[in-house]
Amino acid sequence: MLATFVMATGILLAGCNTSAQNVEKAQEDVEAANKKLEEANEAYLADVENYRRETAEKIAANDQSIVEFNTRIENEKADIKADYKKKIAELEQKNTDMKKTMDDYKADGKEQWENFKNDFNRNMDQLGQALKDLTSNDKN
């Protein structure tokens, strides 16, 4: 009877250790997952910040191109100058809108960020090409 009691107690204690070990292992897994999530979130926020910096540089370069173009066309005939001014005003407004879009973006998830970035890149490339086309046409 005593031997049976000792064996039953031993089995119970062994079972308790296994449960405690399982809880400890689960806690370690949760901590590791939280750390990975935090690292991924930090990388995402760093990507957003780097992209904002790169975009600000592109927008500033567009602004500089617009200033230089306006200076170059000062001596054009009035009708040509007016046409250029109208086109450049449209591109300048698009550049301003792009800056506002970037400034207003709220970081709300990696998937939305990737979609935003793809759309923004496409629009930025189109704007850059339109500026390049306008300024290269002026040189011809």
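Every number here is computed from the coordinates shown, using simple stated rules; none is lab data. Please read all numbers here as calculations on a predicted model, not as lab measurements.
Here the gap between Lys81 and Lys132, fully extended at 0.36 nm per residue and compared with their Cα-Cα distance, gives a gain of 16.6 nm.
Values (1) 11.2; (2) 11.9; (3) 9.2 are given for comparison; mean projected area of the Cα convex hull in nm², derived from the coordinates here, is the one labelled (1). Full extension of the chain between Thr96 and Arg72 yields a length gain of 6.5 nm, computed as 0.36 nm times the residue separation minus the alpha carbon distance. Taking the longest Cα principal axis of the chain as reference, the axis of helix 2-72 is set at about 10 degrees.
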